[in-house]
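Encoded as structure tokens, the structure appears first; notes follow it.
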Amino acid sequence: MSNKYKIILVGTAAMILTLGAGDVDVGASQDNSNAKSLRCEVQTSSSRGMITLQGMLYTDKKISGSYHFKVTGRGSSGNSNINQGGEFTAGPDDWVTLGKVMLGKRSTQYDATLKVKINGIALKCSEFSSEEI
């Protein structure tokens, strides 16, 4: 089983608001030790022959915005192309689930991306498996 896991971290809410409109795609390899106010990630788990992918967002302040959670998968039982999205309110100091998808575990390859828009700022995080499980 080969999963590559990315956690997208973004600095404080004040920093985000000063960025202006645009996309923020911060890789997990960057040092964001002060990035505690806003985080997104795609969490994976497996149980009973299924893989669960969840788009998650953490904020230390109350915020609202919109999200798009896209999952594409390929396996021995066929292909999947799933899109979820909508409006959300989150925080303070809590994780909120922004989309949840379950895929068959056997021979599944997948690519999951969570995009979040808050006050004109776009965050993106992703998780993928490129090898058969």
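Things worth noting here:
- Cα→Cβ-extended label distance, 7 Å offset, between residue 94 and residue 130, nm: 3.8
- Principal axis extents of the Cα atoms in segment 45-120, from largest to smallest and rounded to whole angstrom, are 42, 23, 13.
- Segment residue 62..residue 83, full-extension length gain: 5.0 nm, with 0.36 nm per residue of separation and the alpha-carbon distance subtracted.
- Note on residue 74 and residue 46: their simple-model spin labels are 1.9 nm apart, each label 7 Å out from Cα toward Cβ.
- Under-5 Å amide H pairs with residue 105, H placed in peptide plane, nonlocal only: 50, 51
- P(r) histogram, all alpha-carbon pairs of segment 90-133 included - 10 Å bins from 0, percent: 20, 43, 26, 12
Every read-out reported here was derived from the displayed coordinates using simple, explicitly stated rules and does not represent laboratory data. This structure is a prediction, so every number in the text was calculated from the model and none was measured. Quick reminder, even Gly has a Cβ in these numbers, built from the backbone with ideal geometry, and neighbours come from all protein chains shown.
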